[in-house]
Amino acid sequence: MSIKRIVVGGIELEWNLETGEVLFEGGDVVLFWTSAMETFFDTIREISGTEATQLVLETTGFRQGVIVGEGFKDMKQIDTSNIVEWISNTYAPAGWGKVEIVEMDIDKNTFTMQIQNDWEYKMNLLKNKNTEGIFVPSHYAGVLTGIFGINFWYKTLQYQREGNPYSLVEYFPSDVTVQQNIRELSRKQEDDQIRKLEALVDEHTKSLQSLVKELSSPIIPVLEGIIVVPMIGSYDEQRTEDLIFKTLSELPKHKANYLLVDLTGLNQHITEHTASLIDKLGASARLLGTEVILVGISPELAIMIAQSQNGLKTFESLQSLQHGIYYALGRSGRKIV
C-alpha cells in the first residue's frame, strides 16, 4: 500500500508515498535530520551574528508556537483540564523529545515545563556546543499564547546539560513581546553603530586638529638668524596659546635674531584680539632678544594698526615679506649677492 498510517499517543501520522505527502494530525509536515537543522542554524549565525541569531530563533520559535496553539485549540478543544496530556502526547511523536507540564497554577495561568532530549539540545550536542536552548523554550511560550489567547513569556530555570537531565522552564503571562525584543535589538544595534561612528569621528577630528595645529602657524627658517611666522585665518584662545608657545620654543633653536610676522593671510580682517596676540607675541620675543618685524601690511591693515589701542605701532612694519627679509639682512650687516 502506498498510504501508511500509525497512531502514537493518540496522534495520527500518515505517509502517502504516491503524492509524497507526510501528514501530522492532518497537516503537512517536513522531516529534517538534526544535523541538517544544525547547519541551517549555523548559517543564520554566520550571516547575522550571535545576538541577532538568538533573536531570530526566539521570534521564530514563538510565532510557530502561536500557530500550533491556535490550530490545535479548535481541533482538540484544549484548555487547562487537558493541556498537560495534549502537550506530552503531541510533541513526543513529532520528535521534539519528552515534554510535560510538571507544575501548573490555573488561577495565575503559570506553568512549569520539563523538556528533555529535544531536537535543539541534540543539535547543540552534535558539536559539543554549550549553546543554551532558545527556539524550543520560546516555541512553547507561543503554544500557550495561541491556546489561551493571552501573551505568555518564559524564564529558563535550568538547562539540560551534564548534571541536569532535563531543562526546566517557567511560563507566565507577560507584557514582553517578540516585537518589543526586535525593536530593542534594532535600537541597540543603532546605538552601537552610532557609538562606532562617533568614535571614528572623534579619532579623525583629533587627527585633523593635530594637523591643523601643525600647519596653521608654521615656523619657517628662511636664512640664518631669520625666521618667518605666517598668520592665517582667525585665532581663538587655543590657537593663540599654540602660536605663542610654539614660536617662543623655536626661537632659541634657530638662534633667531629676527622674527618676521607675516600678516598677509589675515585677509585684512584683524580684530582687537588678533592685534593683542601680535603685541603679546612681539613683546615675548623681544624678551628673548629677537627683533620682531611685521610684514604683509596692506594700506587697509596699516590704518587698522594705526587706530589700534595696542602697541603694534612700535614694531617695524613693511609692505611685503621680501622687504622684511632685505631689512633684516641689512640690520645684520648682510646682503644677498
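The values are calculated or read from the model by the stated rules, or taken from the named source; none is laboratory data. Computed from a prediction, not measured in an experiment: that's the story for all the values here. Here the Cβ positions follow ideal geometry from the backbone for every residue, glycine too, while neighbour counts run over all protein chains shown. We work out accessible area using only protein heavy atoms, side chains counted, and drop any ligands, DNA or RNA first. Shrake-Rupley method; radii C 1.70, N 1.55, O 1.52, S 1.80 Å.
By the helix-only formula, in which each DSSP H run with n ≥ 4 contributes -39500 (n - 2.57) and the sum is divided by residues, the chain has a 222 nm mean residue ellipticity of -16500 deg cm²/dmol. Cα centroids of the stretch 36-96 and the stretch 103-137: 10 Å apart. When you restrict to C-alpha pairs under 8 Å that are six or more residues apart and normalise by the size of the chain, the relative contact order lands at 11 percent. Counting only protein heavy atoms and using a 1.4 Å probe, what share of the accessible area of the chain belongs to carbon plus sulfur, as a whole percent? So the carbon and sulfur contribution to the accessible surface is 54 percent. Round to the nearest 10 and give me the degree value, 0 to 90, for the angle of helix 135-148's Cα axis relative to the longest principal axis of the chain. The answer is roughly 60 degrees. Extension gain, E170 to E224: 0.36 nm times the residue separation minus the Cα-Cα distance gives 10.9 nm. What fraction of the Cα pairs in the stretch 218-335, stated in percent, has a spacing above 22 angstrom? When all Cα pairs of the stretch 218-335 are counted, 26 percent exceed 22 Å. Available extension along the chain between E12 and V30 is 5.0 nm, counting 0.36 nm per residue and deducting the alpha carbon span.
What does DSSP give for the chain in terms of the percent of beta bridges that are antiparallel, rounded to the nearest 5? Around 75 percent of the beta bridges assigned by DSSP in the chain are antiparallel ones. Full extension of the chain segment joining T264 with D79 gains 57.7 nm, where the gain is 0.36 nm per residue of separation less the Cα-Cα distance. Taking the longest Cα principal axis of the chain as reference, the axis of helix 272-287 is set at about 60 degrees. A Förster radius of 35 Å combined with the Cβ-Cβ distance from S332 to D236 puts the calculated FRET efficiency at roughly 0.50. Roughly how many Å² is the accessible area per residue of the chain, as a whole number, for a 1.4 Å probe? Result: 58 Å² of accessible area for each residue.
Rounded, prolate or oblate for the chain? Axes are the square roots of the Cα gyration tensor eigenvalues, ordered a ≥ b ≥ c, and the cut-off for rounded is a/c under 1.5. The shape class here is prolate. Starting from the Cα gyration tensor of the stretch 133-182, take the square roots of the eigenvalues, sort them a ≥ b ≥ c, and report rounded, prolate or oblate (rounded when a/c is under 1.5, otherwise prolate if a/b is larger than b/c, else oblate). Because a/c hits 1.5 or more and a/b exceeds b/c, the stretch 133-182 counts as prolate. Local charge for T314 was computed over the other residues whose Cβ lies under 12 Å away, with Lys and Arg +1 and Asp and Glu -1, and equals -1. Model label points for T271 and M37, set 7 angstrom from Cα along the Cα-to-Cβ axis, are 7.0 nm apart.
Computing Rg and the Kirkwood Rh from the Cα coordinates of the stretch 62-154 gives a ratio, Rg/Rh, of 0.97.
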